[in-house]
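The structure appears below as structure tokens.
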Amino acid sequence: SRILGLGRDMLVTAVFGVESIASAFYTAFTLPNLFRRLLGEGALTAALVPTLNEELKERQRAGAFALVNQVASWLFVVSGSIVGVGMALLWLLPRLAGTATGWGVDGQTVRRWIDAADLGVILFPYLVGVCLAAAFSAALQTLNRFLEPALSPIWLNIAMITLLAGAAYGGWAATTEGAMLWLCAGALGGGLLQMLVPAVALVRQGWRPRFDLSMGGSFRQIMRLMGPTLFGSAIYLINISVSRVVGLSLNDSAVAVLNLATRLMELPIGVFTVAVSTVVFPLIARHAAAGDWQQLAVSYRKGMRLILVINVPAAVGLMILATPIIRVLFERGAFAAGATAAMRPVLVAFAFGLPFLSFVNIVLRAFYAQKDTTTPVRAALLSFGVNLGLSLVLMVPWGTVGLAIASNCAIVTQAVYLQTHLARKRKSLAFHHVARDLAKVIVSAILMGAVVGAGWWAWGQRAPTGKWVDALGLAVLIGLGVLVYGGLVWALKIEGREDLAAVVDKVRAKFG
């Protein structure tokens, strides 16, 4: 799904570049996506998965499916109401543009805000489908079905790619604005598919949809658990919204560049970190429900170790190969060489924060599994303060790069705060249990980076210029980097390598 998402962004940049209409789209699509995290994937999943595990234990599937119906019914009502209010407010925003101009805001900035508001009116209904999809996916994860939830974003990307490609290259749209409308239609259609696919999979597991606005004990427990997390997610919502508004205030391309750099950084997170977290979260929630803290700690540390093993070298690779990666993936159509130069330092800055963002992704699951949603709220508040304060300070001297640095500092602060308080709750979850392995990972990643950096310099000296040559060089050097890093990690005897050896032995026995 992340690879398709990258393909979608490649198509969007080829058609729209990093001009103001692209920044307006990314800002508009941010709103329903952030409300999705507010109502769906974040707060709801954190509260629903542990509670569904308890229902399965006490009342089997009948009780769990009844709870799913209650949650889905209320989610439909609440998200539908938010969509109605949000669309009305966004429709009013362009009518207030004259007021903003009177406050000293320049006309170009107001124009970007108006474009984002107009697209937001179109895109906001995406929220309803994707929130319901989050509830259905959480239920499937509790039943140990991970394929359909993992495939959910694929339907969104396929719909958006298909309709935008038809508009831009199939003659469906005669103007840039027309192509943008087709892209928005793809987002709405993709949201519908994201809801229907896990719903059908849940029906096959025995669930029968029923509109139910009753509030049983388990439902009220979910509401209590969601309360602090909703507050924390709302802080995150405000945080990102402020960053987007600040980006729109800077220039035409700031939001588009920030979004593309974030997407590249999130590729290893989406491919690996979310996959690990998706499997680990129900597991540690089950251990927490059973009071088996020793096994919870074992599962948590294994998940943490896997995430660090992948994301630390990924961060190093992104920093060293930022320019050729951007050039190969995006430099075509409306995305020119100047956009590559503008995006490179932003990507380097974001890459530095990649391991910390991955770390936060799983440490939050450890709190949610123990039904502690208060500590993550405090961490979100702290992160918001750091991001907002540094954004306002750094945007003037460093522009878009300053916003990326502020975001990184906020993530680092959040990671340190969360892990410190997690260790205070249970010493078996302290970071020092994986610190030795992290040191080995860092040494291996630095040595790998030196080899890859030297290899890219040598390639540039001997090979002719061109995107296909760059693509070939990237393929060779990434392969070399994987071999070097894997060999070093193995030689340094990182914990858990026996698990990998067992997998290799099974494959060899089966096919050899």
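The values are calculated or read from the model by the stated rules, or taken from the named source; none is laboratory data. All values derive from a computational prediction rather than experimental measurement. Note: ideal-geometry Cβ built from the backbone for every residue, glycine included; neighbour counts use all protein chains shown. For the accessible areas, the whole protein counts, side chains as well, though only heavy atoms, and no ligand, DNA or RNA atoms are used. Shrake-Rupley method; radii C 1.70, N 1.55, O 1.52, S 1.80 Å.
Both the radius of gyration and Dmax for the chain are 23.2, 75 Å, in that order, over alpha-carbon atoms. Could you pull out every whole DSSP H run in the chain that spans at least 30 Å of Cα extent along its own axis and averages 1.0 or higher on the Kyte-Doolittle scale? Once both thresholds are applied, what remains is 147-169, 176-204, 467-491. Counting every C-alpha pair in the stretch 288-349, the share spaced more than 15 angstrom apart comes to 63%. Model label points for Arg424 and Trp398, set 7 angstrom from Cα along the Cα-to-Cβ axis, are 2.9 nm apart. Surface listing: Lys427, Lys371, Lys302 arranged by accessible area from highest to lowest gives Lys427, Lys302, Lys371, probe 1.4 Å. Element breakdown for the stretch 385-428 at a 1.4 angstrom probe: carbon and sulfur atoms account for 69% of the accessible area. Only the Cβ atoms of Lys and Arg (+1) and of Asp and Glu (-1) were treated as charged; on that basis the dipole of the stretch 262-393 about its Cα centre amounts to roughly 120 debye.
When the pairs Lys57/Lys427; Lys302/Lys467; Lys57/Lys425; Lys467/Lys493; Lys371/Lys493; Lys302/Lys371 are compared against a 30 Å limit on Cα-Cα distance, Lys302/Lys467; Lys467/Lys493; Lys371/Lys493 fall above it.
Once the dipole of the chain is set up with Lys and Arg at +1 and Asp and Glu at -1 on Cβ about the Cα centre, which of Pro376, Phe335, Leu429 lies farthest towards its positive end? Result: Leu429, furthest along the dipole toward the positive end.
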